[in-house]
Amino acid sequence: MTETATPKAANTMWGGRFAEGPDAIMTAINASIGFDQRLYAQDIAGSRAHAAMLAAQGILSDSDAAAIGEGLLTVLSEIEGGKFTFSTALEDIHLNVESRLTELIGEPGKRLHTGRSRNDQVAVDFRLWVRDQCDAAISGLEALMKAFLAQAEAGIDWVMPGFTHLQTAQPVTWGHHMMAYVEMFARDRSRFQDARRRMNECPLGAAALAGTSFPIDRFATAQALGFDRPTANSLDSVSDRDFALEFLSASSICAMHLSRFAEELVIWSSAQFRFVRLSDRWTTGSSIMPQKKNPDAAELLRAKLGRILGATVALFTIMKGLALTYSKDMQEDKEQVFDAADNLMLGLAAMTGMVSDMVANRPVLETAAASGFSTATDLADWLVKNLGLPFREAHHVTGTLVALAEKKGCDLPDLSIQEMTAVHAGITQDVYSVLGVQNSVRSRASYGGTSPERVAEQVARWQAALA
């Protein structure tokens, strides 16, 4: 619940500097509680760690610290139970929590803010929240990778066309194609892991910008909140949003990968391709055309990239012109990150569901793999290996044979040996052994290649890594 108090009420939180309350419009533009209330759990965790440290350092009495700790748990329970009333007059989550705490426990609640500022408070809250989102993204990515692994294992030796320029290029295996996305999303996982490691420093105790004269123990609060160490420079601590930018950057790349496979699903599920059948769970019908089965979930996933990338650009733009240290511009950081995180997690979950449910049309895949002169490169390689032709000459010979087959309306294996030897006298009957798509994929046995043997190795490697 959120309420708007009279502007005059906000003065008590600002102290004696202001004689009058702000204009109603100023209250509206200044308040962030409408969105930063999502940080309530992180704000309360940070405050509890801060109070415990103040008591350990003799800055707060043990009784005050105990009252604060219990009072904050009560506030947490009220928020989670939907019984807490958020006030825009109190601007943000920090003042809302502190005000309610003081209502509950009285004078000790007013001592909680000793040795800190809202600047380092929001920095630690936001960092904790983004760190949690990195963990969620890593978990979501691992689930998606496992879904692709299951598809790859089922179709290790299923043949399909590989494309360049969306034109048939060479035969590959279904398993190999699925494993390409395992590699992509593994890089996304590593980016979130790397960003998490770098952001795992605690800004709490940097205060407004210069640190504090109270004898606080920043190492203790960092440890209590699961950070590796406290941040080393108080100016940087309160003005840094690199952690959010890194999260958004990793999210944008991940969303781009989701969009790429979503595009393939849209194409593959069309009547013209029929490579896959999507589950009814991830498709919709038409209000006028009863035959339609639209891949709406995949289409929406393509669009999510625009939203997530837009959030990334927005935060870069917010931060680009800010001199040290904190400026109110930085209040506009959170909505971008919240929206991107929500849409990324939705996208990962939806794609995991679609990949798990989709059914590949193996006969159609194999027929398509044999079309479009997909074994032309195998023919050129045969000419190099068996006749000793330079590759450029082999390329020319093969191109001539492709043109002949195209003119006749047939594929390369359908050309007679006489037609082939008319182009190059050295060609023998053995050439037909490399023109089948199964032989083609089996021959691509270099590390990282599409042969079923190599694909099986990569599937086993990733299954072990994700176990």
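The values are calculated or read from the model by the stated rules, or taken from the named source; none is laboratory data. Here the structure is a predicted model, which is why all the values come from computation and not from measurement. Don't worry about glycine lacking a Cβ; one is built from the backbone with ideal geometry, like all the others, and counts go over all protein chains shown. Quick note on the areas: whole protein, heavy atoms, side chains included, nothing else; ligands and nucleic acids left out. Shrake-Rupley method; radii C 1.70, N 1.55, O 1.52, S 1.80 Å.
In debye, nearest 20, what is the charge dipole magnitude of the chain about its Cα centre with +1 on Lys and Arg Cβ and -1 on Asp and Glu Cβ, if you could check?
With Lys and Arg at +1 and Asp and Glu at -1, about 600 debye.
Calculate I(q)/I(0) for the stretch 368-461 by the Debye formula, one identical point scatterer on each C-alpha and no solvent, and give its log10 at q = 0.10, 0.15, 0.19, 0.21 Å⁻¹ to two decimals.
Normalising to I(0) and taking log10 leaves -0.28, -0.59, -0.87, -1.02.
What is the Cα centroid distance between the stretch 173-190 and the stretch 245-270, reported in whole angstrom?
Cα centres, the stretch 173-190 to the stretch 245-270: 12 Å.
Just the number, please: carbon plus sulfur as a percent of the accessible area of the chain, 1.4 Å probe, no ligands or DNA/RNA counted.
54
Quick one: work out the % antiparallel among DSSP beta bridges in the chain, nearest 5.
70
Give the calculated FRET efficiency between Val423 and Arg274 to the nearest 0.05, with a Förster radius of 35 Å applied to their Cβ-Cβ distance. All intermediate terms of the calculation are to be shown ahead of the outcome.
On the way: r = 35 Å, r/R0 = 1.00.
Efficiency, from the Cβ-Cβ distance: 0.50.
Do any GluC sites (Glu not before Pro) in the stretch 43-148 lie in a DSSP loop with no more than 10 other beta carbon atoms within 10 Å, and if so, which?
Of the GluC sites (Glu not before Pro), not one in the loops of the stretch 43-148 has a Cβ with at most 10 other Cβ atoms within 10 Å.
Nearest 0.05, what FRET efficiency do Asp430 and Arg260 give at R0 = 41 Å with Cβ-Cβ as r?
About 0.55, to the nearest 0.05.
Over the chain, with the other protein chains present, what is the accessible area per residue in square angstrom, probe 1.4 angstrom? Before the final figure, lay out the partial values.
Details: 21270 Å² over 467 residues.
With the other protein chains kept in place, the chain gives 46 Å² per residue.
With each label point set 7 Å from Cα along the Cα-Cβ vector, what nm distance links Ala169 and Arg281?
3.2
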